[in-house]
1. Note the angle between two axes, namely the Cα long axis of helix B:267-278 and the longest principal axis of the Cα atoms of chain B, as a number of degrees from 0 to 90, rounded to the nearest 10.
2. When you look at the Cβ of every residue in A:192-203, what mean number of other chain Cβ atoms sits within 10 Å?
3. If you take every DSSP beta bridge fully contained in segment A:1-87, what fraction is antiparallel? Give it as a percent rounded to 5.
4. Please report how far the C-alpha centroid of segment B:244-262 lies from that of segment B:213-236, rounded to the nearest whole angstrom.
5. Over all directions, the average projected area of the alpha-carbon convex hull for the protein assembly as shown comes to how many nm²?
6. Taking the simple approach of a point 7 Å from Cα along Cα-to-Cβ for both residue A:37 and residue B:462, what is their distance in nm?
7. Run through the DSSP bridge list for segment A:69-171 and note the antiparallel percent, rounded to the nearest 5.
8. Can you pull the mean other chain C-beta count within 10 Å for peptide A:12-22?
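Each value in this text was obtained by applying a stated rule to the coordinates, not by laboratory testing. Quick caveat, the model's predicted, so the values are computed rather than measured. Positions of Cβ are generated from backbone atoms using ideal geometry, with glycine treated the same way; all protein chains shown enter the neighbour counts.
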C-alpha cells in the first residue's frame, strides 16, 4: 500500500564547542572531564546534518512530509535557542526535556526515553551517528532494536527515489566505500559525517514569526535509580578475571568486600546481503542464519 | 588606458624581474582579480573583473621603483598587494591588464629596538610574526586586527587599519613612527623615526591610508609597548539597551580611562558570540591591561561606572577570557567559511562607520530600521562598537543574508551594496564617516565626495600630484571619472 505521508523525527544534542577551550581548560577536572563550562554550546555536527537532511526530504517530497519533529534531552539556553531556530525553519514540533544527569553514556536509556516522549509512529527517525562529547555511537542502534525497524548507519545523503515516491535513496558509508540503497520507510537512519549537510539559516522574518510560539519543555527526567555517580571508594575499573570467573556476594555475610565490576560484553552483528534477485538474497540470508546457528 | 597589450606587459616585467617571479597562470590570475568583497563570486568560480596581466613578486625597494617607473611610462595600472585580507574591493583589478605587485616576499624584520621602543620591518612582514617575536621579548606592537594571522605590515599601513586593543594603543596611524615608500615616478622616500616634530604637515599621513593609490609602502617602523598579559582584567555585562551601552562607553572614554577593549554588542551580533550567557541581551565587554597599578585602577573605575547603572548585570569574567582567547581569523576559519557559504547559501559581510557620541545611537537605530524594511532575505542584522574615542566611536554593522534566486554576480548589487548604501547614507547625513577602518576600496568611492565635502579638494590634489600618470590602483578611493 502506498504510504501517503511521512512523519519524520530527528533526535539532536547540543554539545560544548571544544574549540572555545583554553589550554588550561583541558586539564581534567573533578568529574573526569575538561572544564567546558565556558564553552559555547553548538549543535552536535552529525545531528546538524540529520536536521538538514530532514528538511531536504521535506523540500523534495513537497506535501508528503506531514510533520517534522525534533527532540533533545536538554532545556539549556543553547537548546532553547536551537529549538527556536528549528521552529523558524519549519519544524512543527521541537520537544525539550530536561534531565539531571550525564547523558553521554546511557544510549539505551536515551532511546527508550525518546520513544516514550515522542511516540513511536514515525516513518523516519534520524539521529547523528555519535555525539562529539560522548561518541558511544549506539543510540540509533538501540532505537532501531526497540522499534524492530531496519537501521542504516553512516548515512551521508538522502533523496527521493526517482521512480517510486514511496521509497528513499540512501547513500551511506560502508567498509567497502559508498553504498547506495533503496529503502522503504519506516526505518531508523544514523547520520554520519555527511559532507554537504550544514543546517540552513532562517531569515529574521521567519525567526520573528515563530518567536511568539511557546517552547515545548517536557517534564524533567531522572535516570531510574538516581544519576550515575562516581565509583565508590575501594572499587576500580578492571578487566574481567581470567577464565571469566565471577565474584559472588553471599547474602547475609557482613564482611564481604566487592572486588571488581565489569560490563558484560554486548554486541550486535549485521551483514549486507549482496545478491542478485530477491530469491538469491533469500537463499543467501538463509545460509547466513544457518551459519550463525539460528 | 595602458599603451601595452598583455604580452607586452608580461615581457616588460620579465625584463625587470626574474621570470619565475612573474606569474601568468590563468587560475591564479583570476583569484588575484578580487578580494573578500567578492568572496561569493570567488567561491562559485565566477570572475567578473578584468583578469590582471600578471602578478609580479618583488623583493626589494629598488625593484618596486623600477617597476613603477616602467608602469608610469606605459600607463599600466598597478595594484599593490600584501596579505590579501582586504574586504572592500581594494585589490580588485577593475582596469583591464593591471599588474598585481606583491610584496609578501619582502618579509624581513630589520630591528626590534627595546631602548627606543620601535620595531622596523619590511612591508611583507606578517603582523603575527612580528608581534610574536616582540612578545617573546616582553614587548608588543599593541596592534591586533582580527586579520592579524593573515595581514602584512604594508597592507595594514596602507589601509589605515585598527586593532582590537585600539582604545589603549591607538590605530596604525598612532603606531607608525617612520616609513619608506616608493612613488609612481620611482622616487624612494624615507620618513625618519622621531618621536614628534613640527616641521610642516605630518607627511606620514599622506602615506598611511593611501590604499596603494598614491605610493607603494616598502618599510615601516612602529612603536613598541611593554607586554603585561598577566595583568589582564576582563569584565562583561549584559543589558537591554544599546543607547545605555553607548552612554556607558562614552562615560568611560570621557573620564579618561583607557581599557584596551571597550565593546558593546547588540543582541543580534552578540548572540553569535555570547548566547550561552547573554541570551537575547546586549553585551558590554572591557579589558584593562598594562602595569598592574594601571590595569587595576582602570578596572576598578570601569566597574564603578557600570555599577551606577543597575540595568547592567555582570557576567563571569571567565566567559570574556574565553572569548578573548579566540579573537582572530586564520586561514582555517577562511576555509571553513567558504564551505559554509557554499552549503548554506548564506553569507555575511560588514560595514564600519564612525560618528560623534551624540549621533551614534541615532545612526544605529536608523540603519537597523531601514535595512530590515528595504532588504530581503536577511538572517542576521546587528552590530557592535569596538573603538572608542573621547569624541565618539565606531559601529561595525554585521549582516548575513540567504542568497535567493540570484546568480553569483548579482549578490553584490541585490544585497551587499544595497545594505552598505543605507549604512553610508544614514551615517553621512548625521555627520559621521562612512569608513572607520576598512578603507574606501572600490565600492565606497561613489560617496567619497559626500564624505569629504569641500575638503575633497585636498584629497584630489594629492592624487593629481603624486600619480599624474594615473597608474596606482585606479578606482580605489578616487573614482575613475
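1. The angle comes out at about 50 degrees.
2. On the way: counts 0, 0, 0, 2, 3, 1, 7, 3, 6, 12, 3, 10.
The mean count of partner-chain Cβ atoms within 10 Å per residue comes to 4.
3. 35 percent
4. So the separation of the two Cα centres works out to 21 Å.
5. Details: hull surface 174.5 nm².
Averaged projected area of the protein assembly as shown's Cα convex hull equals 43.6 nm².
6. 5.1 nm
7. For segment A:69-171, the DSSP antiparallel bridge percentage is about 50.
8. 2
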